[in-house]
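Working notes for the structure below.
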Amino acid sequence: TQIWDFLKSKGLNDCAVAGIMGNLRAESALSPINLQNSFEKKLGYNDKTYTQAVDKGTYNNFIHDGAGYGLAQWTYYSRKQGLLMYARSQNKSIGDLQMQLEFLWKEMSNYSTMMKELHTATTVRDASNSFLFRFERPANQGGAVQDARTNYGVAYYNKFSNKVPTETAKETKKLYKVQVGAFRDKSNADKRVSYLAELGIKAIIKQAGSYYKIQAGAFSSKSNAEALLAKVKNAGFEDAYITYG
């Protein structure tokens, strides 16, 4: 609730706060001491020991090591330098949550278009995508990434918002969805999802009456849905097709 309360105190609406939190959840699992997993073995540190070493000054390559760190997984050297300088100016640990929130807000305030979009966001998805495209800008910004971050955001919206939820990640607007079969027996649906996961295709189960339907992806662009459909069919699932709604 500290992150939600902080962002709300800055005048953002519930959709905007949820959208931001969904992105931060995807980046760091909301842990201010999160060291990018792929760097733990390389650097010989875990989240806690890396944070302690930076704080104590026994590790002095924080700025240039290229490792993502903290809530927003700050990575680029100038941003990590700014974070480190701000932490020291506040006499706080590099992993202090409140300090990181204040630094995050300082950075966000420099993105005028994004801030305008966040202040006027009417859905979690719109806010989530604005933060994703304009602030986080990971290498992969595809439909599956958008969906995952929106889903996280919607969960926070439903948990913390005082409003009656009026949306879900898949209902904010009409989307092209790839359906990969429907089963009466849930165990068969579970097996299908597991097999798709082994192929690198993330899917969810949606119950519709007495059937368990498998949905893999939801896209605003039909071409993205068609690309996923082709991948699914190439994997041998000829019962796959695209729905819209």
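The values are calculated or read from the model by the stated rules, or taken from the named source; none is laboratory data. This is a predicted model, so every value here is computed, not measured. Here Cβ is always computed from backbone atoms with ideal geometry, including for glycine, and neighbour counts include all displayed protein chains. Note: accessible area is taken over every heavy atom of the protein model, side chains too, but ligands, DNA and RNA are not part of it. Shrake-Rupley method; radii C 1.70, N 1.55, O 1.52, S 1.80 Å.
Overview of results
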{"item": "Single match in Ile94, Ile63 (criterion: open to solvent by less than 10 Å² (accessible area, probe 1.4 Å), at pLDDT 95 or above and either at positive phi or assigned to a loop (DSSP other than H, G, I, E, B) (or both))", "result": "Ile94"}
{"item": "Output for segment 210-245, where each listed residue is closer than 15 Å to Gly200 by Cβ, outside any helix (DSSP H, G or I) and under 23 Å from the mean Cα position of the chain (by Cα)", "result": "Ala216, Gly217"}
{"item": "When residues of segment 8-26 are limited to those that are in a helix (DSSP H, G or I) and open to solvent by 40 Å² or more (accessible area, probe 1.4 Å), the one nearest to Leu132 (Cα to Cα)", "result": "Ala26"}
{"item": "Among (1) charged (D, E, K, R); (2) closer than 17 Å to Arg134 by Cβ; (3) surrounded by 15 or more Cβ atoms within 10 Å (Cβ to Cβ); (4) free of Cβ contacts under 8 Å to residues at least 12 places away in the same chain, the one test that Glu117 misses", "result": "(4)"}
{"item": "Residues of segment 102-114 satisfying the condition of being in a helix (DSSP H, G or I), closer than 17 Å to Phe133 by Cβ and either open to solvent by 70 Å² or more (accessible area, probe 1.4 Å) or not hydrophobic (A, V, I, L, M, F, W, C) (or both)", "result": "Glu107, Ser112, Thr113"}
{"item": "Index of the failed condition, Met99 passing every other in (1) of a type outside the set (D, E, K, R); (2) open to solvent by 80 Å² or more (accessible area, probe 1.4 Å); (3) in contact with a helix residue (DSSP H, G or I) (Cβ under 9 Å, 6 or more places away or on another chain)", "result": "(2)"}
{"item": "Conditions (1) in contact (Cβ under 8 Å) with a residue 12 or more places away in the chain; (2) more than 30 Å from Asn158 (Cβ to Cβ): number failed by Leu7", "result": "(2)"}
{"item": "Top-ranked residue in segment 66-91 [being small (Gly, Ala, Ser) and in a helix (DSSP H, G or I); ranked as most open to solvent (accessible area, probe 1.4 Å)]", "result": "Ser89"}
